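Chemist: Let me give you the structure first, and then I'll get to my questions.
The values are calculated or read from the model by the stated rules, or taken from the named source; none is laboratory data. Remember, predicted model here, so these are calculated numbers, not experimental data. Glycine also receives a Cβ, built like all others from the backbone with ideal geometry; neighbour counts cover every protein chain displayed. The protein model used for the area step is the full one, side chains on, heavy atoms only, and it has no ligands, DNA or RNA in it. Shrake-Rupley method; radii C 1.70, N 1.55, O 1.52, S 1.80 Å.
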Amino acid sequence: MSSQRNVEAPITEYMLIAGERVDGPVRIEVRNPARPDDLVGTIVRGTPEHVNQAVAAAKAAQAAWAARTFAARAAILGSALSHLENDIDRRAAVFVRENGKPLAEARGELMSVPKRQRMALEYAPELDAGRNLAAPQRRTFVFNRPYGVVVSIVPWNSPVSLAFTQVVAALLAGNCVVLKPPETCPLSLIRSVMMFAEHLPPGTINVVTGMPAEIGDALTTHPDVDKIGFTGSIPSARHIMGNAAQSIKGVTLELGGNDPAIILDDANFDAATMKSMLDATFQMTGQICMAIKRIYVPTKRRDEFLQSFCDAAKSMVVGDGLEPTVNMGPLHTRKAQLRAEGLLDDAVRRGADVVNLGKIDNETTFSSGYFMRPVVVTGILDDAPLMAEEQFCPAIPVATYDDVDEVVARANQTIFGLSGSVWGRDVDRAIGVASRIEAGQVWVNSHGVQAINHLAPYGGVKQSGIGRKSGIEGIREYVQSQTVTTREQ
């Protein structure tokens, strides 16, 4: 296949503190998971002192930023967001190389940011208005006040969209932000934030890069940090919550999922349905918290479903995301690849059957990168790690059931509660089943990234998170109410 490999020289990115680009003596390499010999760029290996400087800059800028109305802040943020409509192609090519996702997914994420975040800004008038409550011989006003300094920590899988969802909500609320990008996929995010920050007051948003073990505690225990927004793993969240507890900081957490997809006995297996399910399962190589991770199908329709699903998967091409025919990239790291292979090996040892899906674009690239072919796994019990854990890879287990009450109980038998879906022709019946799923959001006849309504709140229950993003609820995560009551004289 002809290659579209990006020939841009390795990128040198910097931290951003008080409006100034900041370098450091030590750098972290960022490599291409499809071609590990490809050095995409480097970032600063920040220190706790850099954290102190960034938090101080945010604190110094916050009072003036908070003094503006929500509407005034929304106008400034809207103007800054418009600049993210530029330089899409260059940023997307870098994004593919550092992350692994196909070019169409990278472009889609970058292009979605200004549009989605402008939706958040539309809540400004409602937030400015606050609430007026009647009381005998009194008046009560409820105002929306910012926390102060917010730390935002985001993962590598969709860092640009996830970061801006946290950052714009926090800034609209009147906070100032210190952002910690993921060290394995920071470049397109840093470039995007730099473009955005040029049009904001210095110190409003700051960026500190580095290794979590070296700067994570400094960020999450700092006495001048008032709120933490984190998207990532449950173990990391537990550590962050412990740190936040030392000074009773607020936390908003979007964590992992083990999303079930329940297929009802009247479900349609046409091409459109199968494509929707396939995309929700294998987008970003299955490395999405809200991906379908378990499929339950009625026993009597098992073979029909598997045939339809596997036929749809023939369109999948695995390889370097810059190649024009590729629609599934590598796993993000060698560690992730080894874990995925281990989950699959364990399933086989337990007697499961594995069917390879799709095709490989280039065998040489496939063998040298962190790739895994998409697979369907059948004949697997619910206690197998591939079923019980968040697998975060392109291996989808398919289990059978005979009774709806039984499958709902099995779907809910997990520490996770992020998302789920129910598939069937009778939508009212499907909604009834969906209402019994213990998850923050459940879709009917769709699932995942493309199914989200960004006007509605999004977040998990159980150990899949605390708080919500999107909708006005997502902004309220970054404000505190202040109640003022007067007594008439």
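Chemist: Return the residues of segment 286-309 that are closer than 18 Å to GLN450 by Cβ and either more than 14 Å from the chain's Cα centre (by Cα) or among the hydrophobic types (A, V, I, L, M, F, W, C) (or both); say none if nothing qualifies.
Modeler: Passing the criteria: ILE288, CYS289, MET290, ALA291, ILE292, LYS293, ILE295, PHE309.
Chemist: Looking for whichever is under 30 Å from GLU341 (Cβ atoms) and crowded, with 19+ Cβ neighbours inside 10 Å here; the options are ALA384, ALA430. Which one fits?
Modeler: On the way: ALA430 fails: under 30 Å from GLU341 (Cβ atoms).
After applying the criteria, what remains is ALA384.
Chemist: Look through ASN52, ASN132, ASN99, ASN86 and report the one residue that is more than 21 Å from HIS199 (Cβ to Cβ) and surrounded by fewer than 14 Cβ atoms within 10 Å (Cβ to Cβ).
Modeler: ASN132
Yes/no matrix, rows are residues, columns are (1) in a helix (DSSP H, G or I); (2) aliphatic (A, V, I, L, M):
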site	(1), (2)
GLU438	no, no
HIS447	no, no
GLN450	yes, no
ASN453	no, no
ALA456	no, yes
ILE472	yes, yes
ILE475	yes, yes
GLN482	no, no
THR485	no, no
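Chemist: Counting only residues that are under 18 Å from the mean Cα position of the chain (by Cα) and not in a helix (DSSP H, G or I), which one in segment 228-248 is farthest from VAL150 (Cα to Cα)?
Modeler: SER233
Chemist: Sticking with this one: Exactly one condition in (1) farther than 30 Å from GLU8 by Cα; (2) touching a Pro at 6+ places or on another chain (Cβ under 7 Å); (3) part of a loop (DSSP other than H, G, I, E, B); (4) not aromatic (Phe, Trp, Tyr) is not met by ASP346; state its number.
Modeler: (3)
Chemist: Oh, and also: State all residues of segment 434-487 that are under 18 Å from PHE70 (Cα atoms), touching a helix residue (DSSP H, G or I) at 6+ places or on another chain (Cβ under 8 Å) and open to solvent by less than 20 Å² (accessible area, probe 1.4 Å); if no residue qualifies, say none.
Modeler: Matches in segment 434-487: GLY474, ILE475, TYR478, VAL479.
Chemist: I want to confirm something. Restricting to segment 184-198 and keeping residues that are assigned to a loop (DSSP other than H, G, I, E, B) and more than 22 Å from ARG73 (Cα to Cα), which single residue is most open to solvent (accessible area, probe 1.4 Å)?
Modeler: THR184
Chemist: How many of the residues making up segment 212-229 are open to solvent by 30 Å² or more (accessible area, probe 1.4 Å) and farther than 26 Å from LEU110 by Cβ?
Modeler: Going residue by residue through segment 212-229, those that are open to solvent by 30 Å² or more (accessible area, probe 1.4 Å) are 212-214, 217, 221, 223-224, 226.
Add one more test, that the residue is farther than 26 Å from LEU110 by Cβ, and what stays is 213-214, 217, 221, 223-224, 226.
Count: 7.
Chemist: List pairs: first in segment 180-193 and under 18 Å from GLY229 (Cβ atoms) and of a type in the set (Gly, Ala, Ser), second crowded, with 24+ Cβ neighbours inside 10 Å and modelled with pLDDT of 95 or more, Cβ under 7 Å, 6+ apart or cross-chain?
Modeler: SER192/VAL160
Chemist: Related question: Cβ-Cβ below 6 Å, separation at least six or inter-chain, first residue in segment 335-348 and of a type outside the set (Lys, Arg), second crowded, with 20+ Cβ neighbours inside 10 Å and assigned to a helix (DSSP H, G or I): which pairs?
Modeler: Qualifying pairs under 6 Å: LEU343/LEU386; ALA347/LEU386.
Chemist: Considering only segment 167-197, how many residues are under 16 Å from ALA120 (Cβ atoms) and in contact with a Gly (Cβ under 8 Å, 6 or more places away or on another chain)?
Modeler: Qualifying residue count, segment 167-197: 3.
Chemist: Report every pair of residues separated by at least 6 positions or lying on different chains whose Cβ atoms are under 7 Å apart, first residue within segment 78-102 and over 21 Å from GLN166 (Cα atoms), second among the polar types (S, T, N, Q) and open to solvent by 10 Å² or more (accessible area, probe 1.4 Å).
Modeler: ALA93/ASN6; ARG97/ASN6; PRO102/ASN327
Chemist: Of everything in segment 230-264 that's touching a Leu at 6+ places or on another chain (Cβ under 9 Å) and farther than 30 Å from ALA430 by Cβ, which residue is most open to solvent (accessible area, probe 1.4 Å)?
Modeler: Per the criteria, the residue is MET241.
Chemist: So, in segment 135-156, of the ones that are open to solvent by less than 30 Å² (accessible area, probe 1.4 Å) and among the small types (Gly, Ala, Ser), which residue ends up nearest to ALA56 (Cα to Cα)?
Modeler: So, considering only residues that are open to solvent by less than 30 Å² (accessible area, probe 1.4 Å) and among the small types (Gly, Ala, Ser), the one nearest to ALA56 (Cα to Cα) is GLY148.
Chemist: ALA313 versus (1) under 30 Å from PHE230 (Cβ atoms); (2) in contact with a Gly (Cβ under 6 Å, 6 or more places away or on another chain): which is the lone unmet condition?
Modeler: (1)
Chemist: What do you reckon, is GLY321 within 19 Å of ALA411 (Cα to Cα) and open to solvent by less than 10 Å² (accessible area, probe 1.4 Å)?
Modeler: no
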